[in-house]
């Protein structure tokens, strides 16, 4: 009975103390981006752009533009004794450039990589690579959000 009381008290205090998770808001309140240009791997660029939620700001006038240059590299890392590839490494590089008019304000390169084993079933390997790509894109998108929110 006393444990339930303390549990309820802690829950009540947590809801009224102003506690808010860090990732609960994914908006770019410090920097309004008007235009986003994508170069390189457009498919990954569209995913990054949608995760950044920059489409909702098109109706607001902004003097800042964002350019994303995306590159995905998948290369073999190791081979087994028979000469077949046993391990791959997938790396996604995103260069984010913020411009104010024609002047470059910020420039940073974001990189995420993951090493994984080869699979016999090529369909399973393809699905696994899609999952890895999605996770790397999410990681880079979070880093870009922090970069955009810094003044």
Within the stretch 81-113, tally of residues that are assigned to a loop (DSSP other than H, G, I, E, B) and free of Cβ contacts under 8 Å to residues at least 24 places away in the same chain: 4
Sort out which residues of the stretch 114-133 are touching a residue at least 24 places away in the same chain (Cβ under 8 Å) and surrounded by 13 or more Cβ atoms within 10 Å (Cβ to Cβ), and write them in order of number. 114, 116, 118, 129, 132, 133
In the stretch 138-148, which residue that is touching a residue at least 40 places away in the same chain (Cβ under 8 Å) and more than 9 Å from the chain's Cα centre (by Cα) is surrounded by the most Cβ atoms within 10 Å (Cβ to Cβ)? 148
With 131, 117, 135 as the choices, which residue is more than 17 Å from residue 38 (Cβ to Cβ), under 13 Å from the mean Cα position of the chain (by Cα) and at pLDDT 90 or above? 135
Do we find a residue being surrounded by fewer than 15 Cβ atoms within 10 Å (Cβ to Cβ) and at pLDDT 70 or above anywhere in the stretch 23-30? no
Leading residue by the ranking (modelled with the highest pLDDT) among those in the stretch 35-50 that are out of contact with any strand residue (DSSP E or B) (no Cβ under 6 Å at 6 or more places or on another chain) and surrounded by fewer than 17 Cβ atoms within 10 Å (Cβ to Cβ): 43
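The values are calculated or read from the model by the stated rules, or taken from the named source; none is laboratory data. Worth saying up front: this structure is predicted, and the values here are computed from it rather than measured. FYI the Cβ positions are ideal-geometry reconstructions off the backbone, even for glycines, and counts take in every protein chain you see.
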